[in-house]
C-alpha cells in the first residue's frame, strides 16, 4: 500500500480528516532525528503525533519487541494502546501496568508485541523477571515523562533505560514547558518542538471566579453546579480524601457525581471513566490524576474546588476543556479571605450565584456492564445487534459502547433499562450467554 493510501486509511480508522501542524511537524522530526522533545498541551493529539511515525520505524520481519512506550499511569497506558489498535497497523501491541494480572501479561508477552506500552514499575518488573526479549528495542518513547518523574519513577526509569542497549530513537513527550531532562534518559541535544505557547493564546478558554463566604466551600460548589446545570464538569481537589468527601456531600444534596483518584481499584477507575465519557455521570470529582493523559472528550467546565500549588498543574487542569478549538470555561472557587495564587496574574471575572438554584437535570443515561469483551471475540457491532434486536432498543436509545479485554460497557437510556434487562436475561450473544447488568 502506498504511503498516502496507508495514511488515509489510518486517519479514517481514527475518525480524523487530517493531521494538525503539531502532528505533521512531530512526524518529520521523529523520523529524521535521534532525539526529540515534543511539548504540546493536553488534547492536542500528542499520542497520534508519536504513534504515526513509529509505524515507519517498525520492521515486520522482526518478531521481538521493537518499541517501548513508558507512561506515568495505567489510564494513559491503556489510552495509548487504544489509539494504536484503532490505527489497525498490523503490528501487535501489549500493555502492562500495576494492578493488571501478571500471569495474563506474561502469557501475552509469550508472542512478542512490536510495541510494548506500560508503567515504569511494571515494565521494570518484567525486565527483572526476563519475561520478554528486550534486546531489539530501538525506539523509546517517554510519554508525559515529567509526570513520571513527579511520581517518583526515577529509579525504575533509569534501570529500564540502562538495560536498553540498542536504542536509536529517544522521544520525550510532555505538556509542560521548562522541564529538566534527567541524564539517565540519554537525551542530550533533542530537536525541540514547542507547541504549548500557541495553545495558551488561542482565547477559547474563559476563566471565572466564584467567591465563597464560608471556608468550607461545599455549598458554593453545590450552587455553582446548579448554576452550570448542563454539560459535563470536572471538579479538581488536591487530595483523595477531599475528592471522596466532596463527592459524598454532593450526592447527599441530590447531585449525581463520582470520584476519581489513584487510590481506587483499577476496575473502579475504568468504570468511572466510562460512565463519565458516556454521560451517565455528569460531574466527576478528581485529583490531578485526571489533569492530563486521560481520554475524556468534550468536558465543558473545569472547576478548581482547590487551587493547585503550581501554574503547571493549573494549566494542565484547564487543558481538559477548550480543547481542539472548542470553547470551555474554568472556574476558581476561593474563600473570601483567600488570596489568589501568583500564577493567576489577572483577577478573573466574578460570578454571583443564585441563593436557591434548582438542581441540575439528572443524566438520561445508565451504563450497562456486559461480562464479555475482546478476548471473547465480542465487538461493538455484536453488542449493538444484541441490544437492538434482543433488547428492542430503537435509534437514539443506545449510546457509547466500550469493549475492553474481558468486559464491555454500553450506555442505554434510563427509561429503557428495566425492560431491556428482562428481555435479554436468557438470550445469547454469538452463541454464548453473558451477564448483563447495571454497572455499579
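Answer yes or no as to whether residue 41 is modelled with pLDDT under 95, surrounded by 20 or more Cβ atoms within 10 Å (Cβ to Cβ) and touching a helix residue (DSSP H, G or I) at 6+ places or on another chain (Cβ under 7 Å). It is true that residue 41 is modelled with pLDDT under 95, surrounded by 20 or more Cβ atoms within 10 Å (Cβ to Cβ) and touching a helix residue (DSSP H, G or I) at 6+ places or on another chain (Cβ under 7 Å). Scanning the stretch 44-64 for residues that are in contact (Cβ under 8 Å) with a residue 24 or more places away in the chain and out of contact with any helix residue (DSSP H, G or I) (no Cβ under 8 Å at 6 or more places or on another chain) yields 58, 60, 62, 63, 64. Within the option set 283, 276, being under 22 Å from residue 366 (Cβ atoms), in contact (Cβ under 8 Å) with a residue 12 or more places away in the chain and either surrounded by fewer than 21 Cβ atoms within 10 Å (Cβ to Cβ) or within 13 Å of the chain's Cα centre (by Cα) (or both) holds for one residue only, 276. Only residues that are under 23 Å from the mean Cα position of the chain (by Cα) and part of a strand (DSSP E or B) were counted across the stretch 403-420, and they come to 6. Among the residues of the stretch 17-38, those that are more than 23 Å from residue 181 (Cα to Cα) and either out of contact with any helix residue (DSSP H, G or I) (no Cβ under 8 Å at 6 or more places or on another chain) or buried (at least 22 other Cβ atoms within 10 Å of the Cβ) (or both) comprise 20, 21, 24. Only strands (runs of 3 or more DSSP E) whose full extent lies in the stretch 139-230 are considered here, and the ones with at least 1 residues that are touching a residue at least 12 places away in the same chain (Cβ under 8 Å), surrounded by 14 or more Cβ atoms within 10 Å (Cβ to Cβ) and assigned by TED's automatic domain parsing to the domain that holds residue 289 are 205-212. Would you point out which residue out of 241, 312, 270 is within 24 Å of residue 100 (Cα to Cα), assigned to a helix (DSSP H, G or I) and either at pLDDT 95 or above or out of contact with any strand residue (DSSP E or B) (no Cβ under 8 Å at 6 or more places or on another chain) (or both)? 270 is the lone residue from the list that is within 24 Å of residue 100 (Cα to Cα), assigned to a helix (DSSP H, G or I) and either at pLDDT 95 or above or out of contact with any strand residue (DSSP E or B) (no Cβ under 8 Å at 6 or more places or on another chain) (or both).
Residue under question is residue 387, and the condition is that it be over 25 Å from the mean Cα position of the chain (by Cα), farther than 29 Å from residue 266 by Cβ and crowded, with 18+ Cβ neighbours inside 10 Å; does it hold? Criteria not met by residue 387.
In the set 423, 375, only one residue is out of contact with any strand residue (DSSP E or B) (no Cβ under 9 Å at 6 or more places or on another chain), exposed (fewer than 14 other Cβ atoms within 10 Å of the Cβ) and outside any strand (DSSP E or B); that residue is 375.
Looking at the stretch 301-309, is at least one residue touching a residue at least 12 places away in the same chain (Cβ under 8 Å), within 30 Å of residue 408 (Cα to Cα), in a loop (DSSP other than H, G, I, E, B) and in contact with a strand residue (DSSP E or B) (Cβ under 9 Å, 6 or more places away or on another chain)? No: the stretch 301-309 contains no residue that is touching a residue at least 12 places away in the same chain (Cβ under 8 Å), within 30 Å of residue 408 (Cα to Cα), in a loop (DSSP other than H, G, I, E, B) and in contact with a strand residue (DSSP E or B) (Cβ under 9 Å, 6 or more places away or on another chain). Residue-level analysis places residue 249 outside the set of residues that are outside any helix (DSSP H, G or I) and not assigned by TED's automatic domain parsing to the domain that holds residue 72. Tell me which residues, restricted to the stretch 348-371, are in a loop (DSSP other than H, G, I, E, B) and modelled with pLDDT of 95 or more. Of everything in the stretch 348-371, just one residue is in a loop (DSSP other than H, G, I, E, B) and modelled with pLDDT of 95 or more, namely 371.
When 357, 348 are checked against the criterion of being under 30 Å from residue 221 (Cα atoms), surrounded by fewer than 19 Cβ atoms within 10 Å (Cβ to Cβ) and in contact with a helix residue (DSSP H, G or I) (Cβ under 6 Å, 6 or more places away or on another chain), 357 stands alone in meeting it.
The values are calculated or read from the model by the stated rules, or taken from the named source; none is laboratory data. Keep in mind that this is a model prediction, so the values were computed, not measured. No Cβ is skipped: glycine too gets one built from the backbone with ideal geometry, and neighbour counts run over all protein chains shown.
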